[in-house]
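K.L.:
Here it is, the structure, as structure tokens.
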Amino acid sequence: MSKYEAVIGLEVHVELKTKTKIFCGCPTEFGAEPNTNVCPICLGLPGSTGVLNKKVVEYAIKAGLALNCEIAGYNKFDRKNYYYPDLPKGFQVSQYDYPIAFNGYLDIEVNGETKRIGIERLHIEEDPGKLVHLGETITVAQGSLIDYNRSGMPLVEIVTKPVIHSGEEARVYLEKLKQTLEYTGVSDVKMEQGSLRCDANVSVRPVGSEKLGTKTEIKNLNSFRAVQRAIEYEIARQIDVLEDGEKVIPETRTWDENKGITLSMRNKENPDYRCFTEADLPPLDVSREWVEELRNSLPELPDARKKRLIEVDGLPEYDATVITSTKALADFYDRTVEKYKDAKTVSNWIMGEFSRLLNANNLEVSETKVTPDGLAKLLGLIENGTISGKIAKQVFEEMFSTGDDPAEIVKKKGLVQISDQGQLEGIIAEVIANNPKSVEDYKNGKEKAIGFLVGQVMKATRGKANPGMVNKLLKEKLDQI
């Protein structure tokens, strides 16, 4: 690799979260029975013409603004002509020479360094249908079925400049792109449902060369991990080809997740899509007033939110990064802090117990029964000494399972913390009497012995003893012996 440099550009298709398709009134819901959300327009039947969905344009502009793009005042639609079974019209309505947004960027962090990834363009287009291949992979499929429910779904295609140089950079860029678009609300960016799909253009060249190498395009990348692995494999494969004295063939390749390799699909030498203006759709004029209105409507984006959590709430950078990783998690945090002001304690619980239970149960934040108000109440119970931190974890699990109020759980299960000094002194005296060896160890300077004795008190009280009081009273008693 020291002899070669990889040059990578990404093409990311993002499905916009509109209620209807781009040119017709068919619903965009995911998971419907195949070929049920269709009409003459999205099936491309002769004589059918559509009308542009205004919400699609609005979402495209918001996405462009969030990605620091310039927004074009004048743009138009074109017909991109090619044949594929999932394209019923024989052409795809897209934007060729006048995209709605261009010249943007996203800043990413890789290995502690900030890198700016330039965005060449963001344009609107319609989605083709979906091919369901009857075989383990597309290269060995015995046949394919077509579902046109996806045909006519509104997309934006986001094309980076060729400034990415590793699989890791590509993965981090995609994670940041997904996060940013999720915050804007223009897409649900669910890769598993095809709402965010990525193609990678990969080439290698000798270090120091300005001329780009021959590129291949990798398709069917349906996870961040797959993107990184596929790019890393393809870089190594192309270097091997060049080292053997051969030439890299310009082609489209697919990623085989099980084998961890890319496979040739078809040649891609000088494709000619014969793009020409879509005559059925008038040019689109976007006013500066509308752009500014949409700019002002954008929510607080990830970088700004992370900065606020660090500078205003006083969170460490690591905490702020984790909390802002998804909008849902950041919203949950903000709503909790409104009720319970200790930001660091809230952060600890969200990154700890809350995230643990979400992962263990394979749930999204929106699917949990715990509310920000409930978590704030639980933290208040710890602060006022009603329950210990250990008991709080027990209560939180019950909250996560049932959604019940923490105070009600504590009351129902008799979990109120024991803070009565007389009661604790009696239990401590019993523990000291039953553990002479540990008492002797403590008196001989073995400070760790007190930890065992504290554990015995907590065990005797089923974790309900006030830990701070136990430590204080136990030391006092031991020092008197």
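Please treat every number below as a calculation from the coordinates, not as lab data. The structure displayed is predicted, hence computed values, not measured ones. Please note: Cβ atoms are built from the backbone with ideal geometry, for glycine as well, and neighbour counts cover all protein chains shown.
K.L.:
Can you find, among LEU284, GLY73, GLN394, the residue sitting farthest towards the positive end of the charge dipole of the chain, where Lys and Arg contribute +1 and Asp and Glu -1 at Cβ?
P.N.:
Of the options given, the answer is GLN394.
K.L.:
When N is the residue count of segment 61-107, what does its C-alpha Rg come to as a fraction of 2.2 N^0.38 Å?
P.N.:
1.45
K.L.:
Over 33 Å, how big is the tail of the calculated P(r) for segment 4-290, in percent of all Cα pairs?
P.N.:
22 percent
K.L.:
Just how large is the dipole of segment 220-330 about the Cα centre, in debye to the nearest 20, putting +1 at every Lys and Arg Cβ and -1 at every Asp and Glu Cβ?
P.N.:
260 debye
K.L.:
How large is the dipole of segment 4-290 about the Cα centre if only Lys and Arg carry +1 and Asp and Glu carry -1, each at its Cβ, rounded to the nearest 20 debye?
P.N.:
460 debye
K.L.:
Same structure again: Can you return the lysines within cross-link range of LYS268? Criterion is Cα-Cα under 17 Å, with same-chain partners fewer than 8 residues away left out.
P.N.:
LYS80, LYS215, LYS219, LYS247
K.L.:
Something else now. Assigning unit charges at the beta carbon (Lys, Arg +1; Asp, Glu -1) and nothing else, what dipole magnitude in debye, to the nearest 20, does the chain show about its Cα centre?
P.N.:
Dipole of the chain, to the nearest 20 debye: 900 debye.
K.L.:
Tell me the Kirkwood radius of segment 300-413: reciprocal of the mean inverse pair distance over distinct alpha-carbon atoms, in Å.
P.N.:
Kirkwood radius, segment 300-413: 14.3 Å.
K.L.:
Which whole-Hz couplings ³J(HN,Hα) result when phi for each residue of segment 401-408 is put into the Karplus expression 6.51 cos²θ - 1.76 cosθ + 1.60, θ = phi - 60°, listed in order with x for Gly and Pro?
P.N.:
Using θ = phi - 60°, the values come out as 7, 10, x, 6, 5, x, 5, 5 Hz.
K.L.:
What list of ³J(HN,Hα) values in whole Hz, one per residue of segment 325-332 in order, does the Karplus curve 6.51 cos²θ - 1.76 cosθ + 1.60 (θ = phi - 60°) give from phi, with Gly and Pro shown as x?
P.N.:
4, 9, 5, 4, 5, 5, 5, 4
K.L.:
Let me ask something additional. log₁₀ I(q)/I(0) of segment 22-156 at q = 0.12, 0.17 Å⁻¹, via Debye over equal Cα point scatterers, no solvent, to two decimals?
P.N.:
-0.60, -0.98
K.L.:
Please report, largest first and rounded to whole Å, the three semi-axes of the ellipsoid equivalent to segment 421-480, where each semi-axis is the square root of five times an eigenvalue of the C-alpha gyration tensor.
P.N.:
So the equivalent ellipsoid measures 17, 11, 10 Å along its semi-axes.
K.L.:
For the chain, find the longest principal axis of its Cα atoms and tell me its angle to the long axis of helix 421-434, 0 to 90°, nearest 10.
P.N.:
Relative to the chain, helix 421-434 is tipped by roughly 80 degrees.
K.L.:
Cα-based Rg (one decimal) and Dmax (whole number) for segment 264-366, in Å?
P.N.:
When restricted to Cα atoms, segment 264-366 yields Rg and Dmax of 22.3, 61 Å.
K.L.:
How charged is the neighbourhood of VAL207? Take every other residue with its Cβ under 15 Å from the Cβ of VAL207, and add Lys/Arg as +1 and Asp/Glu as -1.
P.N.:
0
K.L.:
How tilted is helix 449-460 with respect to the longest principal axis of the chain? Cα atoms for both, answer in degrees (0 to 90, nearest 10).
P.N.:
For helix 449-460, the angle is close to 90 degrees.
K.L.:
Considering only C-alpha atoms, what is the centroid distance from segment 205-268 to segment 8-72, in Å?
P.N.:
Distance between centres, Cα-based: 30 Å.
K.L.:
Looking at the square roots a ≥ b ≥ c of the eigenvalues of the Cα gyration tensor of segment 133-193, which shape do they give, rounded for a/c under 1.5, prolate if a/b is larger than b/c, or oblate?
P.N.:
Taking the square roots of the gyration eigenvalues as a ≥ b ≥ c, segment 133-193 is oblate.
K.L.:
Could you tell me what % of all Cα pairs in segment 209-297 have separations over 20 Å?
P.N.:
Looking at segment 209-297, the distances longer than 20 Å represent 58 percent of pairs.
K.L.:
Near LYS54, which lysines are there with a Cα under 19 Å away, not counting those fewer than 8 places off in the same chain?
P.N.:
The reachable lysines, counting only those whose Cα sits under 19 Å from LYS54, are LYS17, LYS19, LYS21, LYS62, LYS76.
K.L.:
Which option, (1) 22.0; (2) 27.5; (3) 31.3, is the value of mean projected area of the Cα convex hull in nm² that was calculated from these coordinates?
P.N.:
(3)
K.L.:
For the chain, what does -39500 (n - 2.57) per DSSP helix run (n ≥ 4), summed and divided by total residues, give at 222 nm, in deg cm²/dmol to the nearest 500?
P.N.:
When only DSSP H runs of four or more count, the value is -12000 deg cm²/dmol.
K.L.:
Could you list, in their original order, any pairs among LYS390/LYS412; LYS412/LYS477; LYS130/LYS369; LYS446/LYS472; LYS178/LYS307 whose Cα atoms are separated by more than 29 Å? Before the final figure, lay out each step's value.
P.N.:
Details: LYS390/LYS412 17 Å; LYS412/LYS477 34 Å; LYS130/LYS369 35 Å; LYS446/LYS472 17 Å; LYS178/LYS307 19 Å.
Those over the limit are LYS412/LYS477; LYS130/LYS369.
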